[in-house]
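Beneath this line is the structure, given in structure tokens, with notes to follow.
Taken together, the values in this text are just the output of simple stated rules run on the coordinates, not laboratory data. Since we're looking at a predicted model, the values are computed, not measured. Here Cβ is always computed from backbone atoms with ideal geometry, including for glycine, and neighbour counts include all displayed protein chains.
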Amino acid sequence: MIARGIFHRGDRMLRFAKDRCLLAGTLPFAMALAPLGEAAAEEVEGEDRSEAITVTGVRQAYRGNFAVSEIPQSIAEISGETLAQNGIQRLTDALDLNASVVRQNTLGGLWDSFAIRGFSGDENMPSGYLVNGFNGGRGFGGQRDAAGIERVEVLKGPAAALIGRGEPGGTINLVTRQAELGRTFGSASIQYGSWDRVRGEADVNLAVTAGLTARLIGYAEDGDTFRDHVHQTRWGFLPSIGLALGPDTRLTYDFEKTRVAVPFDRGIVVLNGNFDTVPRSRFLGEPGDGDTVARATGHQLRLQHEFSDRWSLLVGGSLRDTLLTGFSSDAETVASRQALYADGRSLSRQRRSRRYDARHYVVRAELAGEFDTGSLRHRVLIGADYDSFDYDQVFLRFRPPALSTNPTQQQGNVIDILAPVYGRFPLPVGATMMDRVDRQRSIGAYVQDQIEITARLQVRIGGRFDHLELETDNRLSDVYSRRKRSRFSPQAGVVYKVSDPLTAYAAYGQGFRANVGTDVGGTIFDPETSKSIEAGMKLTLLGGALNGTLAAFQLTKANLLATDPNAPGYSLAIGKARSRGVEFDLGGRLPGGWDVLLSYAFVDAEARSTMVDPNTAFQVMPGDPLVNIPRHNLNMQVARAFTLGAREAQVGAGMQYVGKRAGETGTDFILPARTLFRLFGKMDLMEQLELFGSITNLFDTHWYANSYSPLWVQPGAPRTATAGLRARF
């Protein structure tokens, strides 16, 4: 079997097998992070093509019937096997494997936040991503667990004209494990790791009848962390139901129920540039605040139908409810209120209460097909979607008084960073700072036509029209605001096959993303707008066993938010930023059975206008680097399978280098570069039972994942070991 999701009828089997979205799970791990060559499709040439049409898997949205070499876009992929080999359980850690993606501030470790090609979204919201083609990352369900993920697709570049409402640097699409019709199989694992972390996971695919299959996926995790007083509990249930409604039609339902409970943790403080001010394990919050809890409940329903060899329809809907609640004690970042700068040990702290309740609903339909006009072959995508996002936030805050009032340590909610005593003072009660509902409604339609002009030359044209409606109901100020906005985002691309192993491409696209909030008059901001241009080469060597992409890009954004100097607490949309750089991804299998992976990115991301940062009030000048964006990022990995006695085994090693980067907007605070090494391996103990393990940060390097200010710095984990057993049937 080549992959889930192959459609059988005559030569159509070969065509769909070439679609990258249908090839997951069958390639060596290193090939999963580079564009796939044509060799994978050739594996099906000898198959019997006399069968009737049978839908055995799920087509991915926004992709169409294209080999990756035909797409004028850089695409990388991280397979589920790669995640398992590296012992990865979080999406944040998975994205470290691609150099174009870097970490951003994660709300004390309670949501996913990342930048692609130097640009991130609203830092007060989690980063958006797709789940099976549906917008699904905007809620507050905690950091995404790797359980249930078949693969992670990093869709780089100017794709917003098709997908809509995204960042210009690219989009992350999570392809989840779906019910596989007509098969019964499964696996279960248990593992133990550093700091007494215990995790269990199961994945069972049950063929109830020939046309009905249930796939049951679940996980549970409990244990301490390297941070003092930070214990975490996570669990999730992620079943998928597949139903064949005849040979040409499939219905798929996916359910999500997850919960994360962990103390809110802003990290450590760095005083006068000294990253050893406190140990990396020191918790500077208040254990009495208890856990912050993030919950998510989600549903996806998708119907796909094959009309003929050339035309197919994909219709579906997604609903996801999330809720984040809890308290935290966070270092005060305003110098005039911070006692630490006076004596070097007394940290003044705010106390915050959050209730973030969100509902995200998406309905979409897409028609994919092809036709000929004379000698020209057209492959088209025609689609429409409706997106509804409601965000109800209640936020309370206590903050220390100004030092000029000579506050007591209790009034400043102070903790001694050198000898902390927790629970020293009664927990302060905050005042309501925000009580607001934001509603976003959007209707979009898109069309794309890729025209094969000659055997070597293809041209892609298309665009997307969106009508956006924004509402803000500020219950605190009793101000209601509403705004409507429509926009057309064009895209264009060209692909030229230079030779059998080498393809050149170029692409241009525009996009936008809604800004949340209002100005002092209650007017809702215009969306951020963006323009993207990209050009590159795709290379296939060793008969498709080794594949690579080299790309250069430039992205620009406008309507970033900045502080209104005449109205403290409000913002104006005046900012501009630019990111440009070069990327190189290479992966596959070398002669001798060595699987290799290489991902490098040089990114120059900077502000392009003079403004005042709305959160810190620091001055930002043209040319200032964007926060948490390194210029150089590199990930390498190598692995080899071998036989140990009569048992199959594999060992591998990897290295990640992340260059120095700005740790705060508008200042010279810099996070140091880091180089981390990892080892992983597995061995069959007996038939269907394997031992696996990994060690990350092998040399116990002190490193820092991200930063908002010198008082909110997230330290990275020290050396971490995990070992487990996995049984399959």
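Remarks
- The stretch 437-491-the stretch 660-682 distance, computed between alpha-carbon centres (Å): 35
- Values of log10 I(q)/I(0), in the order q = 0.08 Å⁻¹, for the chain under a Debye, Cα-only, solvent-free model: -0.63
- Residue pairs, from the table Lys538/Lys682; Lys156/Lys557; Lys497/Lys557; Lys257/Lys682; Lys497/Lys531; Lys484/Lys531, whose Cα atoms sit over 24 Å apart: Lys538/Lys682; Lys497/Lys557; Lys257/Lys682; Lys497/Lys531
- Partners for Lys660 among aspartates and glutamates (Cα-Cα distance below 16 Å; same-chain residues under 8 apart left out): Asp96, Asp604, Glu606, Asp624, Asp668
- Estimated vicinal HN-Hα couplings, Hz - the stretch 669-679 in sequence order (Karplus 6.51, -1.76, 1.60; Gly, Pro = x): 6, 10, 7, x, 5, 9, 10, 10, 10, 9, 10
- Across the chain, Cα pairs under 8 Å and at least six residues apart give a relative contact order of 12 percent.
- Using the Cβ-Cβ distance between Ile453 and Leu590 with R0 set to 30 Å, the FRET efficiency from 1/(1 + (r/R0)^6) comes to roughly 0.25.
- With kT/(6 pi eta Rh) evaluated at 4 °C and eta = 1.567 mPa s, and Rh the Kirkwood radius from Cα pairs, the stretch 106-187 diffuses with a coefficient of 93 µm²/s according to Stokes-Einstein.
- The peptide list 75-84, 334-343, put in order of mean Cβ contacts within 10 Å with the highest first, becomes 75-84, 334-343.
- Computed lengthening from Lys484 to Asn124, 0.36 nm per intervening residue step minus Cα-Cα distance: 127.4 nm
- Rounded to the nearest 0.05, the FRET efficiency derived from the C-beta distance between Asp222 and Asp416 at R0 = 22 Å is 0.10.
- Förster-model FRET efficiency, 60 Å R0, Ala727 and Val582, C-beta, rounded to 0.05: 0.85
- Potential extension, Thr643-Tyr192 segment - 0.36 nm per residue separation minus Cα distance: 159.8 nm
- Cα convex hull of the stretch 175-234 - mean projected area over all directions, nm²: 4.9
- Residues whose amide H lies under 5 Å from that of Asn515, counting only those 5 or more places away or on a different chain, are Glu528; hydrogens are built 1.01 Å from N in the peptide plane.
- The phi-based Karplus calculation (6.51 cos²θ - 1.76 cosθ + 1.60; θ = phi - 60°) puts the 3J(HN,Hα) values of the stretch 591-597 at x, x, x, 8, 8, 10, 9 Hz, whole numbers, x for Gly and Pro.
- Per-residue HN-Hα couplings for the stretch 497-505 [Karplus 6.51, -1.76, 1.60; θ = phi - 60°; Hz; x = Gly/Pro]: 7, 5, 7, 4, x, 10, 10, 9, 8
- q = 0.09, 0.18, 0.20 Å⁻¹: log10 I(q)/I(0) that the Debye formula gives for the stretch 288-428, counting C-alpha atoms only: -0.55, -1.01, -1.11
- Projecting label points 7 angstrom from Cα along Cα→Cβ for Ile382 and Thr405 puts them 6.5 nm apart.
- A full extension of the chain between Thr233 and Val437 corresponds to an added length of 70.5 nm, given 0.36 nm per residue minus the alpha carbon distance.
- Inter-label distance, nm, simple model (7 Å from Cα along the C-beta direction), Thr523/Phe465: 2.7
- Of the residues Ala220, Ala244, Thr292, the one whose Cα sits farthest towards the positive end of the charge dipole of the chain is Thr292 (charges of +1 on Lys and Arg Cβ, -1 on Asp and Glu Cβ, taken about the Cα centre).
- The amide H of Phe283, built 1.01 Å from its N in the peptide plane, has Asp228 as neighbours under 5 Å, considering only residues 5 or more places off or on other chains.
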